[in-house]
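Visitor: One structure coming up, written as structure tokens, with questions to follow.
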Amino acid sequence: MLALNMSAGVRYVSLEGYEGYDAESREHALRTIQLGLDFCQAGDTLFIEEGTYHEGMTLKDGVTVIGEGTVILDGTNLHMRLISCEKDCNLPTRVENLILQNARHDERGGAAWLRGNVTMKDCIIRGCSGQQCGGVLIKGDLPEASAKGARMVDCIVHNCEATGAYWPDAG
């Protein structure tokens with residue numbers, strides 16, 4: 001049986017944040033998205049303040065990540081995916097209102113690799129590349145037809161490129 005956090009928390013990230021804060025208020029926002037996620041537990045929501053962030057993130061099972069205003073994750077010169085899942089998410093996990101751009105990855109999913117019960121909503125993915133899939137790869141151990149399968153809702157994928165020989169027409 002899985003125990004859930006009964007009192008869901010809210011955490012904050014801001015370009016003006018500080019790594020020594022607890023992220024429990026806008027005034028005590030953390031500076032990096034991944035550090036904010038590290039503070040989260042299943043059921044929590046992480047709000048990212050408007051701005052351009054030059055970093056990627058590894059999603060945490062059951063956590064919602066929401067961009068406030070125009071939030072850009074820019075992968076220029078990072079040579080990594082901007083959103084990853086280490087394993088299939090079992091709990092509802094959400095990513096909303098983000099722009100992923102200029103990501104480059106030598107393997108699957110240039111901008112993101114979504115696995116399990118993950119929903120990406122109202123996001124824009126542009127100018128990304130990777131082998132087998134330049135934009136967002138939706139794949140995992142759960143069947144894609146499963147109710148827990150990853151999905152994209154009301155997202156735009158633009159000008160992305162698959163660079164490998166596996167799926168030459170994929171973007």
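Visitor: Under a Cβ-only charge scheme (Lys and Arg +1, Asp and Glu -1), can you give me the dipole magnitude of the chain about the Cα centre, in debye to the nearest 20? Let's see the in-between values first.
Guide: On the way: 15 positive and 24 negative charges, 97 e Å.
For this selection, approximately 460 debye.
Visitor: Where the centre of each part is set by its Cα atoms, how far does the range 67-123 sit from the range 47-65, in angstrom?
Guide: 8
Visitor: Semi-axes of the chain's equivalent ellipsoid from the Cα gyration tensor, sqrt of 5 times each eigenvalue, largest first, rounded to whole Å?
Guide: Over the Cα atoms of the chain, the semi-axes work out to 26, 20, 12 Å.
Visitor: Another one. With runs of 4+ DSSP H residues as the only contributors, calculate the mean residue ellipticity of the chain at 222 nm using -39,500 (n - 2.57) per run, divided by the residue total and rounded to the nearest 500.
Guide: Result for the chain: -1000 deg cm²/dmol, rounded to the nearest 500.
Visitor: How far apart, in nanometres, would the label points at Asn97 and Glu19 be if each is projected 7 angstrom from Cα along the Cα-to-Cβ direction?
Guide: Result: 2.8 nm between the two label points.
Visitor: Could you tell me which GluC sites (Glu not before Pro) in the range 31-86 are loop residues by DSSP with no more than 14 other beta carbons within 10 angstrom of their beta carbon?
Guide: Glu50, Glu86
Visitor: Ignoring everything but the protein chains, give the 1.4 Å probe accessible area of Val10 in square angstrom, nearest 10.
Guide: 60
Visitor: Can I ask one more? Could you pull the accessible area for Tyr21 with a 1.4 Å probe, rounded to 10 Å²?
Guide: 80
Visitor: May I pose another question? List the aspartates and glutamates whose alpha-carbon lies under 15 Å from that of Lys60, not counting same-chain residues fewer than 8 positions away?
Guide: The reachable aspartates and glutamates, counting only those whose Cα sits under 15 Å from Lys60, are Asp38, Asp44, Glu86, Asp88, Glu96.
Visitor: Give the residues of the range 41-60 whose amide nitrogen is closer than 19 Å to a point set 7 Å from the Cα of His79 in the direction of its Cβ.
Guide: Residues 54-57 qualify, since their backbone N sits under 19 Å from the label point.
Visitor: Whole number in Å², please: accessible area per residue of the chain, 1.4 Å probe, ligands, DNA and RNA not counted.
Guide: I get 51 Å² per residue for this part.
Visitor: Here's something else I'd like to know. Suppose a student asked you for the relative contact order of the range 1-117, using Cα pairs under 8 Å spaced at least 6 residues apart; what percent would you report?
Guide: Computed value for the range 1-117: 20 percent relative contact order.
Visitor: Treat the range 19-99 as a sphere of radius equal to its Kirkwood radius over Cα pairs and apply Stokes-Einstein at 4 °C in a medium of 1.567 mPa s; give the translational diffusion coefficient in µm²/s, rounded to a whole number.
Guide: 100
Visitor: Now a separate question. Would you check the accessible area of Lys139, probe 1.4 Å, heavy atoms only, in square angstrom rounded to 10?
Guide: 90
The values are calculated or read from the model by the stated rules, or taken from the named source; none is laboratory data. Note that the structure is predicted; figures quoted are calculated from it, not measured. Here Cβ is always computed from backbone atoms with ideal geometry, including for glycine, and neighbour counts include all displayed protein chains. Side chains included, ligands, DNA and RNA excluded: accessible areas come from the protein's heavy atoms. Shrake-Rupley method; radii C 1.70, N 1.55, O 1.52, S 1.80 Å.
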